[in-house]
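Input: a single structure, listed below in structure tokens.
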Amino acid sequence: MNILLLGYGKMGKAIEQIALERGHQIAARVDAHNRADLETIPADAVDVVIEFSSPESAVDNIKSCLQRGWPVVCGTTGWLGHRTEIEQLCQEKEGAFFYASNYSIGVNLFFRLNKTLARFMRNYPSYHVSMTEIHHTEKKDAPSGTAITLAEGVLEGLPNKQGWVTKEAGDDKGSRINSTDAVEIESLREGTVPGTHTVRYDSEVDRIEITHIAHSRQGFALGAVVAAEWLIGRQGVFGMDDLLGSIE
């Protein structure tokens, strides 16, 4: 298939490598330096778009592609305040849109483990739940999209919690919630760390902790390419649960 890469940073280059190894072609590479080129690409030159740009660019990128009839696989985080708008446009255009905060198969298994553990902990209020996420210093959004997805999974299992908050009060949309009633997320930016996420339950006598550590970007890149392969020929809004359910 012919893939348009929107965003050509480290993730874009990793996706390109995986795509070429799997026999695909790169129709074009567009980033902040040549954004105007997006409008000149022939519609029939692209089978699917893989979008890993920036929170500031993602919404306009996705809209432009959906309006041109291109299926979009998006891995950019930090723009989800516009998610309803994007999904409505996808439905209006009878298009295809696939979003995941993390495309790693391992991370998505971790999401499921996290939800299961949260359900187990529902009857043990003496445990305080909190999270830490660590990423490279170039990552712009905090908390990470993966951390927010994990927090949402915890909230499904622990209905007594009212939301999530960043460790420093006042830095996010959930900061008005009393921290004892919320899932606290600590965001650290260190070196070139691809991504480490920990969910912990602390009590006075012990700690239960689960952690996912990404060793490289390759797992994220492979998942995005597999999602693009899967999206061809489909219509609607999809996520990793749809993909994983179809290949289990």
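Structural remarks
- Once the range 90-127 is narrowed to residues that are polar (S, T, N, Q) and either touching a helix residue (DSSP H, G or I) at 6+ places or on another chain (Cβ under 9 Å) or free of Cβ contacts under 8 Å to residues at least 24 places away in the same chain (or both), the residue that is farthest from Gln218 (Cα to Cα) is Asn123.
- Scanning the range 1-53 for residues that are on the phi < 0 side of the Ramachandran plot, of a type outside the set (A, V, I, L, M, F, W, C) and either in a helix (DSSP H, G or I) or open to solvent by less than 20 Å² (accessible area, probe 1.4 Å) (or both) gives Lys10, Gly12, Lys13, Glu16, Gln17, Glu21, Arg35, Asp37, Glu39, Thr40, Asp44, Glu51.
- Those residues of the range 135-164 which are hydroxyl-bearing (Ser, Thr, Tyr) and buried (at least 18 other Cβ atoms within 10 Å of the Cβ), in sequence order: Ser144, Thr146, Thr149
- Cβ pairs under 9 Å, 6+ apart, first in the range 59-72 and surrounded by fewer than 16 Cβ atoms within 10 Å (Cβ to Cβ), second of a type outside the set (A, V, I, L, M) and part of a loop (DSSP other than H, G, I, E, B): Gln67/Lys93; Gln67/Gly95; Gly69/Lys93; Gly69/Glu94; Gly69/Gly95
- Some residue of the range 201-221 being of a type in the set (S, T, N, Q), modelled with pLDDT of 90 or more and either assigned to a loop (DSSP other than H, G, I, E, B) or surrounded by fewer than 16 Cβ atoms within 10 Å (Cβ to Cβ) (or both): yes
- Residue-level analysis places Thr132 among those that are out of contact with any His (no Cβ under 6 Å at 6 or more places or on another chain), open to solvent by less than 30 Å² (accessible area, probe 1.4 Å), at negative phi and not in a helix (DSSP H, G or I).
- Single unsatisfied condition, Lys167 versus (1) touching a Ser or Thr at 6+ places or on another chain (Cβ under 8 Å); (2) over 19 Å from Ala58 (Cβ atoms); (3) exposed (fewer than 14 other Cβ atoms within 10 Å of the Cβ); (4) modelled with pLDDT under 90: (3)
Let's see how each residue does on (1) under 16 Å from the mean Cα position of the chain (by Cα); (2) over 24 Å from Lys139 (Cα atoms):
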site: Ile41; (1), (2): no, yes
site: Ala58; (1), (2): yes, no
site: Ile62; (1), (2): yes, no
site: Glu87; (1), (2): yes, yes
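- Applying the condition of being of a type in the set (Gly, Ala, Ser) and touching a strand residue (DSSP E or B) at 6+ places or on another chain (Cβ under 9 Å) to the range 181-220 and asking which residue is farthest from Ile148 (Cα to Cα) yields Ser203.
- Scanning the range 139-167 for residues that are in a loop (DSSP other than H, G, I, E, B) and either in contact (Cβ under 8 Å) with a residue 24 or more places away in the chain or under 16 Å from the mean Cα position of the chain (by Cα) (or both) yields Lys139, Lys140, Asp141, Ala142, Pro143, Ser144, Leu158, Pro159, Asn160, Lys161.
- Candidate set from the range 79-89 (those that are within 25 Å of Val199 (Cβ to Cβ) and touching a residue at least 24 places away in the same chain (Cβ under 8 Å)); member that is surrounded by the fewest Cβ atoms within 10 Å (Cβ to Cβ): Leu80
- Matching entry among Thr180, Thr192 (being in a loop (DSSP other than H, G, I, E, B), modelled with pLDDT under 90, hydroxyl-bearing (Ser, Thr, Tyr) and at negative phi): Thr192
- Yes/no for Glu94 being over 26 Å from Ile185 (Cα atoms), within 20 Å of the chain's Cα centre (by Cα) and open to solvent by 70 Å² or more (accessible area, probe 1.4 Å): no
The values are calculated or read from the model by the stated rules, or taken from the named source; none is laboratory data. Computed from a predicted model, the values in this text were never measured in an experiment. Neighbour counts are summed over all protein chains in view; Cβ atoms, including those assigned to glycine, are modelled from backbone coordinates with ideal geometry. With ligands, DNA and RNA removed, areas are computed over all heavy atoms of the protein, side chains included. Shrake-Rupley method; radii C 1.70, N 1.55, O 1.52, S 1.80 Å.
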